[in-house]
1. Skipping prolines and chain starts, which residues have an amide H placed within reach, meaning under 5 Å, of the one on residue 128, given they are 5 or more residues away or on another chain?
2. Need the full-extension length gain, residue 105 to residue 78, defined as separation in residues times 0.36 nm minus the C-alpha distance. One decimal, nm.
3. Each label point is 7 Å from the Cα along the Cα-to-Cβ direction; what then is the distance between the points at residue 46 and residue 70, in nm?
4. Which residues in the range 95-109 have a backbone N closer than 13 Å to a point placed 7 Å from the Cα of residue 86 along the Cα-to-Cβ line?
5. In nm, what is the difference between 0.36 nm times the number of residues separating residue 59 and residue 24 and their Cα-Cα distance?
6. Between residue 97 and residue 122, take the C-beta separation as r, use R0 = 35 Å, and let me know the FRET efficiency to the nearest 0.05.
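Throughout, read-outs are computed from the coordinates displayed, never taken from laboratory work. Nothing here was measured: the structure is a model prediction, and the numbers come from that model. As a convention, Cβ positions derive from the backbone with ideal geometry for all residues, glycine included, and neighbour counts pool all protein chains shown.
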Amino acid sequence: MTRPALLTLLLALLTGCQDQEARAQNEALTRRVAALEAQVRRLEGQQVRSATPDPGAVTLRAAAQNCANDLTRTLETFRESSIDRRYPPASQLVLPDACTEQHVNWQELEAQTYTFTVTDENGQELARASGP
């Protein structure tokens, strides 16, 4: 056998082995890509469904956040005006107008700290505030 023929034969044998390994790797990668593409399609479908928020829910959350912001402002104004720099006890606290139709739930209202949530009628938290 001549040297070029030997090299050609060797190259063909090596290529054959590499082809089998490459095919196996390509098949594994193809399965992996297909699984990932299916997962992306599922996630995109979920995103489309969750990307269209209910206008009523958005309004409820915005109203709850306005209540939380106004109540926080009221608490901080009281503390800044008080001689001993404390938050008001519940008996002295008047809820701001933004909280009139809101469910305010106190987790803590002490002289130096407060935590409250604003919830819907089902008890789902819409807003939370605490200080300091």
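1. 118
2. 7.8 nm
3. Result: 3.7 nm between the two label points.
4. 109
5. On the way: separation 35, 0.36 × 35 = 12.60 nm, distance 5.50 nm.
Contour length minus the Cα-Cα distance gives 7.1 nm.
6. 0.90
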